[in-house]
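Have a look at the structure below, then the notes.
The values are calculated or read from the model by the stated rules, or taken from the named source; none is laboratory data. Computed from a predicted model, the values in this text were never measured in an experiment. Cβ placement follows ideal geometry from the backbone for every residue including glycine, while neighbour counts extend to all protein chains displayed. Heavy atoms of the whole protein, side chains included, go into the accessibility calculation; ligands, DNA and RNA do not. Shrake-Rupley method; radii C 1.70, N 1.55, O 1.52, S 1.80 Å.
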Amino acid sequence: MYRGRSFMPGRRALVLSTATVAVGSAYLLARPAYADSNPVPVYKKRPGPLWSPPSRAQMLEHLRTSGVYVHRTLDGAPEPGAVLKKDEAESEGEDVFDLLIVGGGATGAGTALDAASRGLKVACVERDDFASGTSSKSTKLVHGGVRYLQKAIFELDYEQWKLVKEALKERRVFLETAPHLSSMLPILLPIYTWWQLPYYYAGCKLYDILAGKENMESAYWMGKGKAMEAFPMLKSDGLVGGVVYYDGQHNDSRMNISLVMTAVQHGAIMANHVEVTALHKRPDPSRGGEERIYAASVKDRMTGEEWKVRCRGVINATGPFSDGVRKLDEPTTKEIVAPSAGVHITLPNYYGPKTMGLLDPATSDGRVIFFLPWQGNVIAGTTDSPTTVSQNPVPAEKEIQWILDEVRNYLSPDVKVRRGDVLSAWSGIRPLVMDPAAKNTQSLVRNHMINISKGGLLTIAGGKWTTYRAMAEETVDAAVKEYGLKPNGPSTTEHIKLVGGHAWSKTMYIKLIQQFGLETEVAKHLSESYGDRAWTVASMAATTGLSWPLHGVRFSPLYPYIEAEARYAVRCEYALTAVDFVARRTRMSFLNVQVTLETLPRVIDIMGEELGWDRAKKETEFDNAVEFLKSMGLPEQATKIKLADVAKSHGNIGTLGLANSEDAKLYARAQFTPDEVSNLKKQFEEFDFDHDQHITKDDLIHAMTNMGYDASTELADSILREVDFGRKGFVDFQDYLDIAAGLKELSLESAFTHLAQLDSSRKIGEKAQIGPHADDASSQRDTRRKIPVERSGGGT
């Protein structure tokens with residue numbers, strides 16, 4: 001990990017460490033008191049236990065009537081009423097939506113909540129599903145940005161300093177408004193050079209100081225022994241110690257869904273799978289007849305129905321897709337998004353401790369990599385490379401390999417980092433943006449950007465999950481000013497608990513166990529995913545027919561997801577497709593692609609019962625889900641599998657549903673990269689002299705003869721018996737891979753590996769010259785040497 005490289009000489013680092021602590025302490029003493037010491041006002045209370053959100057059909061009715069039947073209140077959120085006329089002609093002076101928000105990710109949903117909580121009439125539409133883009137594919141951190149602070153110090157960049165300070169404040173708000181979905185996480189920086197210990201410790205203490213009252217726990221340092229105790233998988237060679245600091249972690253798509261449901265509770269009209277296809281303008285007398293947006297055409301992607309939605313202003317919160325919406329307004333407008341792909345991978349939980357993450361701030365190419373426990377597994381990432389904008393980008397194999405290579409650098413040699421251990425892999429697109437109003441339009445904005453076009457389209461882009469609330473507040477402030485709106489007051493989202501957070505506590509899961517007879521793991525999962533709404537989910541849980549647990553049938557014994565969650569997702573969280581459920585309402589596809597594929601038929605059956613799907617629709621849902629899983633690491637070959645295949649085998653579909661048994665076995669070879677498997681295949685074919693796909697005694701005799709050894713049937717039989725564990729009389733390619741794996745992982749050499757030219761002193765899968773007598777003339781073979789005892793396993 002820390003490979004002897006350094007950002008500065010040791011003496012300079014010590015000086016800077018002392019200076020940063022001194023400066024930070026002075027700031028702490030001189031900083032202004034935070035305004036949140038004022039009494040916190042009381043806002044919308046927890047939804048009642050029988051609260052049920054309006055159906056999607058009701059949401060679409062309000063969209064069709066442009067919010068005319070959404071009623072304003074004097075001092076609170078608007079209240080959707082009954083739609084009296086569903087096909088009403090347009091008429092001037094009607095009280096239509098104040099805002100139409102395009103995009104249902106973190107920024108769009110957060111903006112909808114902010115606007116609705118101020119009493120504005122707001123609609124939010126999402127082309128795919130809520131959180132279907134970048135908002136579900138983040139690093140899952142709620143952080144101020146330690147690396148950004150480092151940059152602010154080195155470059156004396158006050159703007160960067162302010163960004164970190166704002167993010168640290170928002171981190172505290174984040175953890176308070178959604179306590180069930182977010183938590184503190186200690187993160188270890190392992191130190192392999194002595195001078196880096198005071199340097200990184202000083203930086204982390206300054207991070208604490210900058211957070212002020214919003215700080216979590218104080219950073220601390222530890223020696224080598226304590227570091228190894230806290231993170232046993234760490235590479236011990238050269239380790240000096242470690243520095244631990246605290247940041248936040250969350251379940252990103254569940255957080256997004258909670259934002260959506262909280263906006264709905266506050267009177268917002270939220271609709272997924274509804275696409276904006278056109279923006280309509282007309283002269284605005286108040287602006288001298290200038291053409292301004294007054295409506296948008298939308299299309300229900302589930303039915304194909306189209307209609308027009310009128311509003312006072314349109315907000316573009318589509319992240320990496322911002323340019324597409326901007327071109328609906330101005331077709332010739334210059335693109336502002338510079339998309340960057342960030343790839344993450346999911347690994348088994350034995351790769352790291354359950355309660356501590358790890359940060360490598362100095363990878364081989366200067367990027368930063370996180371290694372974090374999440375939802376029972378471990379995620380590692382991220383990369384940063386230019387990409388093109390697409391709905392479900394497929395992670396590049398070279399990026400996956402880069403992450404694995406970096407992970408190898410700081411884990412113990414006992415932990416064999418293998419490609420086959422990657423349970424899933426995904427690529428999220430960061431919407432880095434250029435400000436079209438800036439003098440240098442090519443430079444990227446540091447945080448987020450708000451831009452308003454001549455036609456009145458307000459675009460909010462950039463930023464990160466941690467600051468979504470501040471971005472939403474700033475966006476609504478700009479919209480109020482631009483469109484002349486009249487809210488009931490300023491933003492109050494800093495104090496609005498999200499749905500699920502009101503009555504949640506860390507021990508709430510115990511009550512779920514006692515009341516419903518759930519497994520402990522399942523109860524904890526429901527508590528930490530749904531908060532106090534877990535009672536509703538648990539009440540839908542079917543009986544297991546066992547003495548324990550009494551309720552809660554799992555989709556898979558490997559993960560705590562239960563069948564009741566699929567019903568709840570359809571009834572209460574607007575899940576309309578199988579992908580909505582496995583990717584956003586639960587995190588199954590992010591945790592394990594294999595398990596997701598195996599459980600899809602049952603997921604589709606339950607959702608089909610709720611939504612009335614016929615057989616053809618179920619097959620379409622399965623095909624669409626398999627196509628989506630390609631973006632989560634499913635091999636291309638597996639996309640040929642069909643619903644009937646999985647149902648017929650009761651979920652036992654083999655490795656990743658690969659139809660070809662050879663493909664499945666190769667993919668399961670966790671020890672080798674694809675290139676190594678290819679080279680091993682070539683070696684096997686060369687070893688297989690008679691090309692019958694088996695290594696037999698005859699092939700061994702041929703190999704011994706060519707390499708200049710005395711060959712005999714007895715010796716060949718002895719060598720074959722040593723590796724032919726199934727006593728089949730031959731070694732096939734899968735056996736050959738097992739032998740090569742033993743050599744690679746454990747240095748298990750034998751006479752067979754020598755004849756196969758798989759010496760551990762050479763790289764697996766590469767061809768080399770072995771046997772000095774292989775090319776001797778016939779008369780010279782009289783001096784052939786015997787195979788050494790150690791090469792023959794000691795038996796001959």
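Hand me the list of helices (runs of 4 or more DSSP H) wholly inside the range 695-780 holding 2 or more residues that are farther than 24 Å from E676 by Cα and at pLDDT 70 or above. Full working, then the answer.
Working: elements: 697-706, 713-723, 733-746, 751-755.
Of the helices (runs of 4 or more DSSP H) lying wholly inside the range 695-780, those with at least 2 residues that are farther than 24 Å from E676 by Cα and at pLDDT 70 or above span 697-706, 713-723.
How do the pairs read when you match residues in the range 490-506 that are on the phi > 0 side of the Ramachandran plot and of a type outside the set (A, V, I, L, M) with residues anywhere that are modelled with pLDDT of 95 or more and assigned to a loop (DSSP other than H, G, I, E, B), using Cβ under 6 Å and keeping only pairs 6 or more apart or on different chains?
Going by the 6 Å Cβ cut-off, the qualifying pairs are G500/H180.
Looking at L239 and the list (1) more than 30 Å from V122 (Cβ to Cβ); (2) out of contact with any strand residue (DSSP E or B) (no Cβ under 7 Å at 6 or more places or on another chain), which single condition is not satisfied?
Going through (1) more than 30 Å from V122 (Cβ to Cβ); (2) out of contact with any strand residue (DSSP E or B) (no Cβ under 7 Å at 6 or more places or on another chain) one by one, L239 breaks only (2).
Within the set of pairs 6 or more residues apart or between chains, which connect a residue that is of a type in the set (F, W, Y) inside the range 531-551 to a residue that is open to solvent by 50 Å² or more (accessible area, probe 1.4 Å) and part of a loop (DSSP other than H, G, I, E, B) with Cβ atoms less than 7 Å apart?
What qualifies is W535/P49.
I'm told L113 meets every condition in (1) modelled with pLDDT under 85; (2) crowded, with 23+ Cβ neighbours inside 10 Å; (3) among the hydrophobic types (A, V, I, L, M, F, W, C) except one. Can you identify the failing condition by its number?
(1)
What number of residues within the range 483-509 satisfy the criterion of being farther than 30 Å from S286 by Cα, in a loop (DSSP other than H, G, I, E, B) and out of contact with any Lys or Arg (no Cβ under 8 Å at 6 or more places or on another chain)?
Step one: filter the range 483-509 for residues farther than 30 Å from S286 by Cα, giving 492-509.
Filter once more, so that each one left must be in a loop (DSSP other than H, G, I, E, B): 492, 496-507.
This time we only want the ones that are out of contact with any Lys or Arg (no Cβ under 8 Å at 6 or more places or on another chain), so: 498, 501, 504-507.
Going through the range 483-509 one residue at a time, the tally reaches 6.
What is the one condition in (1) on the phi < 0 side of the Ramachandran plot; (2) at pLDDT below 90; (3) open to solvent by less than 40 Å² (accessible area, probe 1.4 Å); (4) not β-branched (V, I, T) that H180 does not satisfy?
(2)
Within the bounds of the range 592-601, is there any residue that is closer than 20 Å to D252 by Cβ, of a type outside the set (S, T, N, Q), touching a residue at least 24 places away in the same chain (Cβ under 8 Å) and buried (at least 24 other Cβ atoms within 10 Å of the Cβ)?
yes
Taking the options M302, M270, name whichever one is touching a residue at least 24 places away in the same chain (Cβ under 8 Å) and surrounded by 24 or more Cβ atoms within 10 Å (Cβ to Cβ).
Details: M302 fails: surrounded by 24 or more Cβ atoms within 10 Å (Cβ to Cβ).
Exactly one residue qualifies, and that residue is M270.
For Y574, work out the one condition from (1) assigned to a loop (DSSP other than H, G, I, E, B); (2) at negative phi it doesn't fulfil.
(2)
Residue-wise test of (1) part of a strand (DSSP E or B); (2) open to solvent by 30 Å² or more (accessible area, probe 1.4 Å).
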site	(1), (2)
E406	no, no
P413	no, yes
A425	yes, no
G428	yes, no
G455	no, no
K481	no, yes
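For the range 116-137, enumerate the residues that are farther than 22 Å from Q249 by Cβ and either among the basic types (K, R) or surrounded by 24 or more Cβ atoms within 10 Å (Cβ to Cβ) (or both). Quick ask: steps written out before the conclusion?
Of all residues in the range 116-137, those farther than 22 Å from Q249 by Cβ come to 116-129.
Passing the criteria: A116, S117, R118, L120, K121, V122, A123, C124, V125, E126, R127, D129.
Here is a check on your reading of the model: is A541 modelled with pLDDT under 95 and touching a helix residue (DSSP H, G or I) at 6+ places or on another chain (Cβ under 6 Å)? Write out each step before concluding.
Details: modelled with pLDDT under 95: no; touching a helix residue (DSSP H, G or I) at 6+ places or on another chain (Cβ under 6 Å): yes.
For A541, the condition - modelled with pLDDT under 95 and touching a helix residue (DSSP H, G or I) at 6+ places or on another chain (Cβ under 6 Å) - is not met.
Would you mention how many residues in the range 520-550 are out of contact with any Leu (no Cβ under 6 Å at 6 or more places or on another chain) and farther than 16 Å from T586 by Cβ?
The number of residues fulfilling the criteria is 12.
Residues in the range 63-81 that are at pLDDT below 90 and either open to solvent by 40 Å² or more (accessible area, probe 1.4 Å) or not assigned by the TED database to the domain that holds K299 (or both): how many?
So the answer is 2.
Checking A396 against (1) more than 17 Å from the chain's Cα centre (by Cα); (2) open to solvent by 30 Å² or more (accessible area, probe 1.4 Å); (3) outside the structural domain of V70 (by the TED database); (4) aliphatic (A, V, I, L, M), which test does it fail?
A396 satisfies every listed condition except (1).
Kindly indicate whether A202 is buried (at least 18 other Cβ atoms within 10 Å of the Cβ), over 18 Å from G352 (Cβ atoms) and free of Cβ contacts under 8 Å to residues at least 40 places away in the same chain.
Numbers: buried (at least 18 other Cβ atoms within 10 Å of the Cβ): yes; over 18 Å from G352 (Cβ atoms): yes; free of Cβ contacts under 8 Å to residues at least 40 places away in the same chain: no.
Judged against the criteria, A202 is not a match.
Of the conditions (1) assigned to a helix (DSSP H, G or I); (2) at pLDDT below 95; (3) among the small types (G, A, S), S135 fails just one. Which one is it?
Result: S135 passes all but (2).
Specify the residue that is surrounded by the most Cβ atoms within 10 Å (Cβ to Cβ); the eligible residues are those in the range 510-565 that are assigned to a loop (DSSP other than H, G, I, E, B) and touching a His at 6+ places or on another chain (Cβ under 8 Å). First the steps, then the outcome.
Residues of the range 510-565 assigned to a loop (DSSP other than H, G, I, E, B): 517-519, 540-542, 544-550, 552-553, 557-558, 563.
Then drop every residue that is not touching a His at 6+ places or on another chain (Cβ under 8 Å), which leaves 517-518, 541-542, 544.
Values: G517: 19, L518: 27, A541: 24, A542: 12, T544: 17.
Once the filter is applied, the top-ranked residue is L518.
Suppose we filter the range 290-342 for residues that are of a type in the set (S, T, Y), at pLDDT 95 or above and in a strand (DSSP E or B); how many remain?
Selection size over the range 290-342: 2.
Just for the range 138-150: of the residues that are open to solvent by less than 10 Å² (accessible area, probe 1.4 Å) and small (G, A, S), which one is farthest from N488 (Cα to Cα)?
Applying the first criterion (open to solvent by less than 10 Å² (accessible area, probe 1.4 Å)) to the range 138-150 yields 140, 142, 144-145, 149.
Going one step further and asking which of them are small (G, A, S), we end up with 144-145.
Values: G144: 31, G145: 35 Å.
The qualifying residue farthest from N488 (Cα to Cα) is G145.
As an exercise: evaluate D580 against (1) surrounded by fewer than 21 Cβ atoms within 10 Å (Cβ to Cβ); (2) closer than 30 Å to R301 by Cβ; (3) under 24 Å from the mean Cα position of the chain (by Cα) and give the number of the one condition it does not meet.
If we test D580 against (1) surrounded by fewer than 21 Cβ atoms within 10 Å (Cβ to Cβ); (2) closer than 30 Å to R301 by Cβ; (3) under 24 Å from the mean Cα position of the chain (by Cα), just (1) comes out false.
In the list L197, L189, L239, L234, which residue meets the criterion of being open to solvent by 20 Å² or more (accessible area, probe 1.4 Å) and in contact (Cβ under 8 Å) with a residue 12 or more places away in the chain?
Working: L189 fails: open to solvent by 20 Å² or more (accessible area, probe 1.4 Å); L239 fails: open to solvent by 20 Å² or more (accessible area, probe 1.4 Å); L234 fails: open to solvent by 20 Å² or more (accessible area, probe 1.4 Å).
Of the residues listed, the single one that is open to solvent by 20 Å² or more (accessible area, probe 1.4 Å) and in contact (Cβ under 8 Å) with a residue 12 or more places away in the chain is L197.
Is one or more of the residues making up the range 636-649 assigned to a loop (DSSP other than H, G, I, E, B) and closer than 24 Å to S138 by Cβ?
Taking the range 636-649 as the starting set, the residues that turn out to be assigned to a loop (DSSP other than H, G, I, E, B) are 641-642, 649.
In the following step, the residues that additionally are closer than 24 Å to S138 by Cβ were identified as none.
No - not one qualifying residue is present in the range 636-649.
Within the range 273-299, count every residue that is over 22 Å from K137 (Cβ atoms), surrounded by fewer than 19 Cβ atoms within 10 Å (Cβ to Cβ) and within 33 Å of the chain's Cα centre (by Cα).
4
V522 passes all but one of (1) in the same structural domain as V595 (by the TED database); (2) under 22 Å from N349 (Cβ atoms); which number fails?
Status for V522: all satisfied but (1).
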